[in-house]
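> The following block contains the structure, expressed as structure tokens.
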Amino acid sequence: MKNQKIYLDNAATTYMFPEVIDAMAESMRHNFGNPSSTHFFGRDAKGIIENVRKKIASFCNVTSAEIVFTSCGTESNNLILRSSVDFLGVDRIITSPIEHSCVMQTVDCLEQFKNVTIDYVQHNEKGEIDLDHLESLLKHSDKKTLVSIMHANNEIGNINPIKQIGEIAHQYNALYHSDMVQTLGHYIIDLENLPVDFASSSAHKFHGPKGVGFAYIKKGTGLKAQITGGGQERNMRSGTENLHGVLGMGKAFEISQRDYEKDRAYITDLKQYAINKIKEVFPETIFNGKSDDLENSLYTLISLSLPFQNGMMGFEMDLRGIAVSQGSACQSGAAKASKVLSTILSQETIDHTTPMRVSFSIDNTKEEIDAFMDTLIEIAEKTPSFK
Ligand code: PLP
């Protein structure tokens, strides 16, 4: 349902599909058993969980045993990274400096407390991973290595060549983990036929509920639980399952796969429309990363460095009822570029531009993009550094 506010922050989270809410509400009324109980109520709940597992596994072309339900993308990434170190003998992780903070912070902890060597693969100013550098990092070490490089970047939208990355990793006997939080549930992804050992996903990014996600853990890798207890999730993640959350995630995932072609075409058209408008009105805008390259970036987002400096931009947009992400932390009126942007952009660019991430869903319209543009122009015209 629409209100007057315009939501253009769908990479942060998405509204829940009404069909998802209905399915969850129905289940909350009728299914309350503990999936570990052996009586009818428990078996009923267990059946719901296992059906969702089967459904998600089948969409991703993997087996049910390879899908582990967790509480979010952050937990999935933590499980994979920490458990690889604890149980698979991984003593070196190669990652990129523009991963999500839940990967960056976790590898920092592993370096500090578990003595794991962390190496960062280089990339260019467009955020493209240097595959030769990755290969040379792998070639020159005998350590047991895990490569952790995301599928698509949540801030600049770059889609990384995960097939090539995984093949290089495997060529040197390294394991490959990919944070797929921005792509699973937005694309059709055949995990079985990708050289990926571990992946993560989060339901609230694809119109499902918050507090639920999943990890893909390829069979035979030997990963073990980080959360221990009652042995749920085939001993991979203890704790009574988030029954209704899992059900909602299953429904949202199913809808995302069913409507993929239609939704992708609709949102891509919106994105192209927004790109054209921005280029027309603010021709000096920098599209961060590859976010104006429709082939190689998420169809759901654009990342901008607007050609003037306004540290209050996010706040000003918010005041006018438009929700975007500022791609920065605002400190005493001056925009401080995010870690990702400060890694790929020059200080000169950062000092003279205003970062903004605009991200779309099927709920958005061209009228909303027009309203967004009008607001942007209004704010720009009041900004002293706008010429
Ligand atoms: N990884 C990426 C690429 C993300 O965009 C996010 C969410 O912003 C996460 C991980 C964390 O997911 P969650 O919010 O489910 O913990």
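The values are calculated or read from the model by the stated rules, or taken from the named source; none is laboratory data. Note that the coordinates shown come from a computational prediction; the quantities given were computed from them, not determined experimentally. Note that we place each Cβ from the backbone using ideal geometry, even for glycine, and neighbour counts take in every protein chain shown.
> Going through G213, G220 one at a time, which residue ends up being more than 18 Å from the chain's Cα centre (by Cα) and either at pLDDT 95 or above or at positive phi (or both)?
G220
> Just to verify a result, which residue in the stretch 88-122, among those that are touching a strand residue (DSSP E or B) at 6+ places or on another chain (Cβ under 8 Å) and charged (D, E, K, R), is nearest to the ligand (Cβ to nearest atom)?
E99
> Shifting gears a bit: Of these, S36, S27, S64, which one is closer than 17 Å to K224 by Cα and either surrounded by fewer than 15 Cβ atoms within 10 Å (Cβ to Cβ) or over 17 Å from the mean Cα position of the chain (by Cα) (or both)?
Step by step, each of S36, S27, S64 is checked, and only S64 is closer than 17 Å to K224 by Cα and either surrounded by fewer than 15 Cβ atoms within 10 Å (Cβ to Cβ) or over 17 Å from the mean Cα position of the chain (by Cα) (or both).
> Then there is this: When you scan the stretch 272-280, do you find a residue that is within 16 Å of the ligand (Cβ to nearest atom), of a type in the set (F, W, Y) and either assigned to a helix (DSSP H, G or I) or in contact (Cβ under 8 Å) with a residue 12 or more places away in the chain (or both), even just one?
no
> Also: What pairs come out if I take residues in the stretch 359-387 that are within 19 Å of Q4 (Cβ to Cβ) and pair them with residues that are of a type in the set (D, E) whose C-beta lies under 7 Å away, six or more apart or interchain?
Within 7 Å, the pairs are I379/E316.
> Shifting gears a bit: Only one of G229, G208, G220 is more than 16 Å from the ligand (Cβ to nearest atom), over 26 Å from V147 (Cβ atoms) and assigned to a loop (DSSP other than H, G, I, E, B). Can you tell me which?
From the options G229, G208, G220, the qualifying one is G229.
> Across the stretch 221-247, what is the number of residues that are closer than 19 Å to V85 by Cβ, hydroxyl-bearing (S, T, Y) and free of Cβ contacts under 8 Å to residues at least 24 places away in the same chain?
Going through the stretch 221-247 one residue at a time, the tally reaches 1.
> Report yes if A45 is within 26 Å of the chain's Cα centre (by Cα), among the small types (G, A, S) and assigned to a helix (DSSP H, G or I), otherwise no.
It is false that A45 is within 26 Å of the chain's Cα centre (by Cα), among the small types (G, A, S) and assigned to a helix (DSSP H, G or I).
> Also, quick follow-up: Pick out the one residue from S141, S101, S202 that is touching a Cys at 6+ places or on another chain (Cβ under 9 Å) and polar (S, T, N, Q).
S202
> Checking N154 against (1) part of a strand (DSSP E or B); (2) within 16 Å of the ligand (Cβ to nearest atom), only one condition comes out false. Which one?
Only one criterion is unmet by N154, namely (1).
> Go through the stretch 160-180 and count every residue that is under 27 Å from P355 (Cα atoms) and either aromatic (F, W, Y) or within 12 Å of the ligand (Cβ to nearest atom) (or both).
Here the count works out to 4.
> Then there's this: Would you check which residues across the stretch 34-85 are of a type in the set (F, W, Y) and within 16 Å of the ligand (Cβ to nearest atom) and list them?
If the condition is that a residue be of a type in the set (F, W, Y) and within 16 Å of the ligand (Cβ to nearest atom), then F69 is the only one that fits.
> Taking interchain pairs and intrachain pairs at least six residues apart, which have beta carbon atoms under 8 angstrom, with the first residue in the stretch 35-56 and touching a residue at least 12 places away in the same chain (Cβ under 8 Å) and the second polar (S, T, N, Q) and assigned to a helix (DSSP H, G or I)?
That search, which allows pairs on different chains as well, returns I48/S27; E50/S64; R53/S64.
> Can you name every residue in the stretch 300-342 that is modelled with pLDDT under 85 and over 26 Å from the mean Cα position of the chain (by Cα)?
Answer for the stretch 300-342, where residues must be modelled with pLDDT under 85 and over 26 Å from the mean Cα position of the chain (by Cα): S332, G333, A334.
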